[in-house]
Amino acid sequence: MSELEDTYKHKGLRKQLVLEIAKKGITDKSILNAINKIPRHFFFDKIFDTHAYEDKAFPIDAGQTISQPFTVAFQTQLLKVKPGDKILEIGTGSGYQASVLVELGAQVYTIEYQKKLYQKTIRFLPKLGYQPHMYQGDGSKGMPRFAPYDGIIVTAGAPSVPEELIQQLKIGGRLVIPVGNNDIQSMVLVQKVDENKIKKKQFNNFSFVPLLGDRGWST
């Protein structure tokens, strides 16, 4: 655990990052507090830890990225997470987004397509005290066995909104998913009003790695 050191310098950089994303429009104090608490540099190889508190995405294993902190906060804010909510995350990646959701008191189910990344993250997150329910496989159709969910968050760009994900939401539940081509996506918020009615809202200009799987882009 000696490599997991959170210094005063790291804490200071984290405070600056929180101020930066608050200026960009993140108003939910619980999300800002979670980002201030979680040592993002623990999710980076030590030689790159100076990049951890820049508001940008960064490459990790298996051709994936750890999302930009503002994007993590923005998606989370759209979800409106309450303590005890059951949240499905599609695309565990480094585990940073899942850690934010756990900090907010959510019951988190998270699935990762890339086996190498899953094996790394399932060993790593408990060292930080975060233990979401972690699975490996194709999350593009959700995880029906634990449905319904209060919220579903997709952390990779999809060609369209998978119908299965809407079906797995509770009434009143929220789905946040980037939709577009391989270069640029709109962040789509889907609210399930009742079994046959949804409301959609979208926010432009996001960029994610592609969602892989049956309802994503082919490998």
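Tabulated values for the structure
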read-out	value
Selected residue [of a type outside the set (D, E, K, R) and at pLDDT 95 or above] from GLY93, GLY142, GLY63	GLY142
Every pair of residues 6+ apart whose Cβ atoms lie under 7 Å, when the first sits in segment 2-24 and is without any contact (Cβ under 8 Å) to a residue 40 or more places away in the chain while the second is part of a helix (DSSP H, G or I) and open to solvent by 40 Å² or more (accessible area, probe 1.4 Å)	ARG14/ASN36; LYS15/ASN36; VAL18/ASN36
Index of the failed condition, ASP49 passing every other in (1) part of a helix (DSSP H, G or I); (2) free of Cβ contacts under 8 Å to residues at least 60 places away in the same chain; (3) under 22 Å from LYS24 (Cβ atoms); (4) open to solvent by 30 Å² or more (accessible area, probe 1.4 Å)	(3)
Every residue from segment 57-94 that is of a type in the set (A, V, I, L, M), surrounded by fewer than 24 Cβ atoms within 10 Å (Cβ to Cβ) and in a loop (DSSP other than H, G, I, E, B)	ALA57, ILE60
Set GLY142, GLY151, GLY172: member being farther than 17 Å from LYS199 by Cα and of a type in the set (Gly, Ala, Ser)	GLY142
Failed item in (1) charged (D, E, K, R); (2) assigned to a strand (DSSP E or B); (3) surrounded by 15 or more Cβ atoms within 10 Å (Cβ to Cβ), with ARG215 passing the rest	(2)
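The values are calculated or read from the model by the stated rules, or taken from the named source; none is laboratory data. It should be emphasised that the depicted structure is a prediction, and the values quoted were computed from it without experimental measurement. FYI the Cβ positions are ideal-geometry reconstructions off the backbone, even for glycines, and counts take in every protein chain you see. Side chains included, ligands, DNA and RNA excluded: accessible areas come from the protein's heavy atoms. Shrake-Rupley method; radii C 1.70, N 1.55, O 1.52, S 1.80 Å.
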